[in-house]
Amino acid sequence: MFKSFLSIRNMIVSLILLVACCILGFAASAVGIDDNPSGIALAFLSTIALVLAFVHPLRTSKQFRYLIYASGIGLIIFAVLHNVFEGIASKVGEANLSYGLLQGAGVAFFFIAILVCPIGLLVGAIGAAITSSREGRSKKM
């Protein structure tokens, strides 16, 4: 994951992708993501830029398969954590300060489960397919 910051070229590409992520994220929040297809599309594009900022230096299909596994497990874990924090927040009551913190954690886990993990699965699947075909062609030659 931190391979993207080891060389100057990778660092520049990562920073460009992170800036694109921020710009697209601000655009999504300005447009709004509540029942707005263009805002939702901007949010997904922002997440794609975020994921690509860290995985663009990966070169083997094994590394992309690890991304698929981590995203699949993360999807389950973050969905469960969202429900746990929402349940605890409902038991605490709205008058407490911890209610706001628990609700915020629940929302953060929800966005990770809905935006980041599916994009990680998609990028991992596409990257694994491309790199495995390249590895197959290089073994034939």
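In the range 71-104, how many residues are modelled with pLDDT of 90 or more, buried (at least 16 other Cβ atoms within 10 Å of the Cβ) and small (Gly, Ala, Ser)?
Here the count works out to 3.
Look at the range 10-26 and say how many of its residues are surrounded by 16 or more Cβ atoms within 10 Å (Cβ to Cβ) and at pLDDT 95 or above.
Count: 6.
Go through the range 83-141 residue by residue and tally those that are of a type in the set (Asp, Glu) and closer than 29 Å to Ser46 by Cα.
Selection size over the range 83-141: 1.
Going residue by residue through the range 37-44, is there one that turns out to be touching a residue at least 12 places away in the same chain (Cβ under 8 Å), closer than 24 Å to Ile130 by Cα, out of contact with any Phe, Trp or Tyr (no Cβ under 8 Å at 6 or more places or on another chain) and outside the structural domain of Lys139 (by TED's automatic domain parsing)?
yes
Can you find a residue in the range 71-79 that is touching a Leu at 6+ places or on another chain (Cβ under 8 Å), over 26 Å from Leu24 (Cα atoms) and among the β-branched types (Val, Ile, Thr)? Don't jump to the end; show me each part of the working.
Filtering the range 71-79 for residues touching a Leu at 6+ places or on another chain (Cβ under 8 Å) gives 71-72, 75.
Filter once more, so that each one left must be over 26 Å from Leu24 (Cα atoms): none.
No, the range 71-79 contains no residue that is touching a Leu at 6+ places or on another chain (Cβ under 8 Å), over 26 Å from Leu24 (Cα atoms) and among the β-branched types (Val, Ile, Thr).
Enumerate the pairs (first residue in the range 13-26 and more than 14 Å from Val116 (Cα to Cα); second residue anywhere and in a helix (DSSP H, G or I) and of a type in the set (Phe, Trp, Tyr)) with beta-carbon separation below 7 Å, excluding pairs fewer than 6 apart on the same chain, so at least 6 apart or on different chains.
Once the first residue is more than 14 Å from Val116 (Cα to Cα) and sits in the range 13-26, its partners that are in a helix (DSSP H, G or I) and of a type in the set (Phe, Trp, Tyr) give Ser14/Phe5.
Of all residues in the range 27-51, which are on the phi < 0 side of the Ramachandran plot, loosely packed, with under 14 Cβ neighbours inside 10 Å and either touching a Pro at 6+ places or on another chain (Cβ under 6 Å) or not polar (S, T, N, Q) (or both)?
Result: Ala30, Asp34, Pro37.
Would you confirm whether any residue within the range 55-69 is surrounded by fewer than 17 Cβ atoms within 10 Å (Cβ to Cβ) and either among the hydrophobic types (A, V, I, L, M, F, W, C) or within 17 Å of Ala113 (Cα to Cα) (or both)?
Yes - at least one qualifying residue is present in the range 55-69.
Restricting the search to the range 10-32, which residues are within 17 Å of the chain's Cα centre (by Cα) and of a type in the set (A, V, I, L, M, F, W, C)?
Leu15, Ile16, Leu17, Leu18, Val19, Ala20, Cys21, Cys22, Ile23, Leu24, Phe26, Ala28
Could you say whether any residue in the range 87-108 is of a type in the set (Gly, Ala, Ser), part of a helix (DSSP H, G or I) and in contact with an Asp or Glu (Cβ under 6 Å, 6 or more places away or on another chain)?
Here is the first cut: in the range 87-108, the ones of a type in the set (Gly, Ala, Ser) are 87, 89-90, 93, 95, 98, 100, 104-106, 108.
Next cut, part of a helix (DSSP H, G or I) only: 87, 89-90, 98, 100, 104-106, 108.
Going one step further and asking which of them are in contact with an Asp or Glu (Cβ under 6 Å, 6 or more places away or on another chain), we end up with 106.
Checked the range 87-108: at least one residue is of a type in the set (Gly, Ala, Ser), part of a helix (DSSP H, G or I) and in contact with an Asp or Glu (Cβ under 6 Å, 6 or more places away or on another chain).
Among the candidates Ile23, Ile40, Ile33, Ile16, single out the residue that is hydrophobic (A, V, I, L, M, F, W, C) and in a loop (DSSP other than H, G, I, E, B). Let's see the steps before the verdict.
Values: Ile23 fails: in a loop (DSSP other than H, G, I, E, B); Ile40 fails: in a loop (DSSP other than H, G, I, E, B); Ile16 fails: in a loop (DSSP other than H, G, I, E, B).
After ruling out the rest, the residue left standing is Ile33.
The values are calculated or read from the model by the stated rules, or taken from the named source; none is laboratory data. Not measured: the values here are computed from a predicted model. With ideal geometry, Cβ positions are generated from the backbone for all residues, glycine too; neighbour counts draw on all protein chains shown.
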